[in-house]
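Take a look at the structure below.
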Amino acid sequence: MQQIIMFWYLNQEREYLAKRVRLKLIADEREMFYVKWGIPPESRQRRRLQLASKLWSDPLNMQNVSESAEVVAELVGFRESGEHVSAQFCFPL
């Protein structure tokens with residue numbers, strides 16, 4: 001039961017981030033993120049959700065974690081304050 005609840009929360013978070021991709025990023029920025037994260041341009045179906053699913057996909061890879069943090073910070077508005085993402089998420093530079 002607890003796994004089902006955790007899976008539900010994870011899906012809710014992914015849906016939220018996918019919605020923020022559309023709201024916070026202009027088309028050129030979205031395309032840049034899709035290319036960077038390996039989402040092919042011909043897969044027009046729910047590319048925002050594909051991007052959200054790839055975030056935090058490899059928690060042992062610090063590059064993936066750092067890049068995921070950059071994307072999430074931009075989507076939720078942390079980057080608007082001008083503070084570097086490593087300070088927001090407590091990552092060493």
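The values are calculated or read from the model by the stated rules, or taken from the named source; none is laboratory data. Treat the numbers as computed from the prediction; the structure is a model and nothing was measured. Methodologically, a virtual Cβ is constructed for each residue, glycine included, from the backbone with ideal geometry; neighbour enumeration extends over all protein chains shown.
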Problem set entry | Members of segment 50-67 found to be more than 15 Å from Leu10 (Cα to Cα) and assigned to a helix (DSSP H, G or I), listed by number | Met62, Gln63, Asn64, Val65, Ser66, Glu67
For this session: Return the total of residues in segment 1-30 being at pLDDT 90 or above and either small (Gly, Ala, Ser) or farther than 21 Å from Gly77 by Cβ (or both).
Result: 2
Seminar exercise, completed: Ile39 vs (1) surrounded by 12 or more Cβ atoms within 10 Å (Cβ to Cβ); (2) in a helix (DSSP H, G or I); (3) not acidic (Asp, Glu): all pass except (2)
